[in-house]
Amino acid sequence: MTDIKPIGSLCPVDDQGYIINQSDSSKINDRFQEVIRLVTESCLSALSEEIHSIYLRGSVPRGMDIDGVSDLDVVIITYSEPQNLNLDWTEETEQLINERFRFINGVELGFSPLSEFEQTTHCSMIPFILKTYGICIYGESLIHKLPDYKPDSSLANEHLIHLAPLIERAKQELTGNEDTEDIEDCCSWIMRIIVRAGLALVIVQEQSYTRDLYPAYELFTKHYPEKEQDMRTALWYAINPLSNAEDILDFLNGFGSWMKAETENWLNVLNPYREPHLPL
């Protein structure tokens with residue numbers, strides 16, 4: 001069981017208000033080098049002609065990894081649409097790395113098509129993540145070609161526009177599910193989404209952003225003190241996921257429903273036409 005600790009920080013911004021990327025290859029702990037090598041080799045072996053570039057994001061390239069808590073977040077950019085590729089090998093690769101390297105809390109391989117980076121006038125989550133949190137570990141880096149981003153309504157929309165369907169998806173995955181590991185994975189995933197959505201609700205007022213859970217929770221409760229205990233529970237479940245599906249469903253039907261309603265209020269004001277991506 002992991003205690004809630006006041007760790008993490010808000011993204012720094014430059015004098016024009018754009019988020020500064022703090023990731024750097026020199027900050028990566030040496031013990032991750034073999035993991036990174038194996039991940040890269042596995043990707044290239046399986047998709048040798050399809051990979052444009054590979055990136056690390058999250059706490060590891062910022063030198064903020066925590067033993068046994070941090071995972072390795074990898075983004076692979078492919079020439080083809082990922083749904084048209086055979087990605088069956090990824091589960092075996094993730095499992096192999098999880099078993100071999102106990103100091104990480106798993107590895108996550110995410111895939112995005114190169115076409116997603118052609119449009120640079122609107123905010124989009126994966127390009128945003130690479131620009132503000134990523135480093136390139138293979139191929140031609142796209143980071144310098146991407147626009148700069150501010151903590152504003154366009155960014156907030158990326159977290160809020162899909163919140164309701166994601167909560168409903170989690171509820172569907174949990175209903176009747178008896179696979180303990182699957183339940184815990186779903187719990188951690190949806191609770192992280194909820195905590196970050198809580199921050200998104202107040203991005204415009206705070207003009208601040210973070211992917212770190214604790215400071216996201218803090219900024220949310222500053223504006224919604226009456227919901228502090230609910231969001232703290234979501235934070236707790238994100239780092240200590242439940243294995244009882246019914247308990248998670250109860251929480252999603254309660255606080256999750258409130259978050260959906262508050263998100264609708266936000267969208268009614270700042271994105272009334274429900275555009276998937278807002279202009280930068």
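Of these, I104, I97, which one is assigned to a loop (DSSP other than H, G, I, E, B), at pLDDT below 95 and either of a type in the set (V, I, T) or outside the structural domain of F32 (by TED's automatic domain parsing) (or both)? Give the steps one after another, and end with the answer.
Details: I97 fails: assigned to a loop (DSSP other than H, G, I, E, B).
Just one listed residue meets the conditions, I104.
Under 6 Å between Cβ atoms, at least 6 apart or on separate chains: pull out the pairs that start in segment 87-101 with a residue that is touching a residue at least 24 places away in the same chain (Cβ under 8 Å) and end on any residue that is in a helix (DSSP H, G or I) and polar (S, T, N, Q).
As it stands, the answer is T93/S42, since those pairs meet every condition given.
Could you please find all residues in segment 116-140 being surrounded by fewer than 16 Cβ atoms within 10 Å (Cβ to Cβ) and either hydroxyl-bearing (S, T, Y) or in a loop (DSSP other than H, G, I, E, B) (or both)?
Scanning segment 116-140 gives E118, Q119, T120, T121, E140.
Are there any pairs with C-beta distances below 7 angstrom linking a residue in segment 136-155 that is within 23 Å of I203 (Cα to Cα) to a residue that is polar (S, T, N, Q) and in a helix (DSSP H, G or I), with the two at least 6 apart or on different chains, and if so which?
From residues that are within 23 Å of I203 (Cα to Cα), the pairs are Y149/T132.
Kindly indicate the residue of segment 1-46 that is assigned to a loop (DSSP other than H, G, I, E, B) and in contact with a Ser or Thr (Cβ under 7 Å, 6 or more places away or on another chain) and also surrounded by the fewest Cβ atoms within 10 Å (Cβ to Cβ) among those meeting that condition.
At the first step, the residues of segment 1-46 found to be assigned to a loop (DSSP other than H, G, I, E, B) are 1-12, 14-18, 20-24, 28-29.
Okay, now just the ones that are also in contact with a Ser or Thr (Cβ under 7 Å, 6 or more places away or on another chain), so 8-11, 21.
Values: G8: 16, S9: 12, L10: 17, C11: 19, N21: 20.
The extreme case among them is S9.
Is at least one residue of segment 53-72 surrounded by 15 or more Cβ atoms within 10 Å (Cβ to Cβ) and over 20 Å from the mean Cα position of the chain (by Cα)?
no
Can you say whether Q207 is surrounded by fewer than 21 Cβ atoms within 10 Å (Cβ to Cβ) and over 26 Å from D14 (Cβ atoms), as far as the supplied structure shows? Lay out the reasoning, then the answer.
On the way: surrounded by fewer than 21 Cβ atoms within 10 Å (Cβ to Cβ): yes; over 26 Å from D14 (Cβ atoms): no.
No, not satisfied.
Rundown of residues vs (1) touching a Lys or Arg at 6+ places or on another chain (Cβ under 9 Å); (2) part of a helix (DSSP H, G or I); (3) over 22 Å from M64 (Cα atoms); (4) among the aromatic types (F, W, Y), yes/no style:
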{"position": "L155", "(1), (2), (3), (4)": "no, yes, yes, no"}
{"position": "I167", "(1), (2), (3), (4)": "yes, yes, yes, no"}
{"position": "A170", "(1), (2), (3), (4)": "no, yes, yes, no"}
{"position": "D182", "(1), (2), (3), (4)": "no, yes, yes, no"}
{"position": "D185", "(1), (2), (3), (4)": "no, yes, yes, no"}
{"position": "Y217", "(1), (2), (3), (4)": "yes, yes, no, yes"}
{"position": "K222", "(1), (2), (3), (4)": "no, yes, yes, no"}
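Within segment 233-248, can you find the residues that are assigned to a helix (DSSP H, G or I) and crowded, with 17+ Cβ neighbours inside 10 Å? Steps first, please.
Narrowing segment 233-248 to residues assigned to a helix (DSSP H, G or I): 233-239, 245-248.
If the condition is that a residue be assigned to a helix (DSSP H, G or I) and crowded, with 17+ Cβ neighbours inside 10 Å, then A234, L235, W236, Y237, A238, I239, A245, I248 are the ones that fit.
Does at least one position in segment 189-198 carry a residue that is assigned to a loop (DSSP other than H, G, I, E, B) and in contact (Cβ under 8 Å) with a residue 40 or more places away in the chain? Outline the logic, then answer.
Of all residues in segment 189-198, those assigned to a loop (DSSP other than H, G, I, E, B) come to none.
No, every residue in segment 189-198 fails to be assigned to a loop (DSSP other than H, G, I, E, B) and in contact (Cβ under 8 Å) with a residue 40 or more places away in the chain.
Consider only pairs whose beta carbons are under 7 Å apart and that are at least six residues apart or on different chains; among these, list those whose first residue lies in segment 157-179 and is touching a residue at least 24 places away in the same chain (Cβ under 8 Å) and whose second residue is of a type in the set (S, T, Y).
From residues that are touching a residue at least 24 places away in the same chain (Cβ under 8 Å), the pairs are L160/T263; L163/T263; A164/T263.
Which ones in segment 16-53 are under 18 Å from E91 (Cα atoms) and among the charged types (D, E, K, R)?
Hits for segment 16-53 are R37, E41.
Out of (1) touching a residue at least 24 places away in the same chain (Cβ under 8 Å); (2) touching a Gly at 6+ places or on another chain (Cβ under 8 Å); (3) buried (at least 20 other Cβ atoms within 10 Å of the Cβ), the odd one out for Y217 is which?
Result: Y217 passes all but (1).
The values are calculated or read from the model by the stated rules, or taken from the named source; none is laboratory data. Because the structure is a prediction, the values reported are computed rather than measured. Neighbour counts are summed over all protein chains in view; Cβ atoms, including those assigned to glycine, are modelled from backbone coordinates with ideal geometry.
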